[in-house]
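Visitor: I have a structure I would like to understand better, so I am pasting it below and will then ask my questions one at a time.
The values are calculated or read from the model by the stated rules, or taken from the named source; none is laboratory data. Values in this document were obtained by computation on a predicted structure and should not be read as measured data. Here the Cβ is made from the backbone with ideal geometry for all residues, glycine too, and neighbour counts use every protein chain on show.
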Amino acid sequence: MSSPAGLPEWMEAVAITRVSVRVEDRVVVGGVPMRVVDVVRTPTGVRLDLEEGERLWLTARTRLTGFREPGC
């Protein structure tokens, strides 16, 4: 899978879930890559604070495709 516009080609595609998400992961929302700057874990899910000021909640069944630097 190739990286979307705005992301380096060497980034690898990964499954983003409430268990696997990490700071610095990139998620693509509406065709726009957004960098995760904070991960806040709660009893009901995980809140992702994105670089652009947006917030995204991941619950038990949420599974997204994201991008991460290899080896991280």
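Visitor: What is the residue count in region 55-72 for residues that are surrounded by fewer than 16 Cβ atoms within 10 Å (Cβ to Cβ), hydrophobic (A, V, I, L, M, F, W, C) and either part of a strand (DSSP E or B) or in contact with a Ser or Thr (Cβ under 7 Å, 6 or more places away or on another chain) (or both)?
Guide: Residues flagged as surrounded by fewer than 16 Cβ atoms within 10 Å (Cβ to Cβ), hydrophobic (A, V, I, L, M, F, W, C) and either part of a strand (DSSP E or B) or in contact with a Ser or Thr (Cβ under 7 Å, 6 or more places away or on another chain) (or both) within region 55-72 amount to 1.
Visitor: Next question. So, in region 14-54, how many residues would count as being charged (D, E, K, R) and either exposed (fewer than 11 other Cβ atoms within 10 Å of the Cβ) or in a loop (DSSP other than H, G, I, E, B) (or both)?
Guide: 7
Visitor: Right, here's the next one. Please specify each residue of region 1-37 satisfying the condition of being more than 9 Å from the chain's Cα centre (by Cα), more than 10 Å from R68 (Cβ to Cβ) and modelled with pLDDT of 90 or more.
Guide: Of everything in region 1-37, those that are more than 9 Å from the chain's Cα centre (by Cα), more than 10 Å from R68 (Cβ to Cβ) and modelled with pLDDT of 90 or more turn out to be R18, V19, V37.
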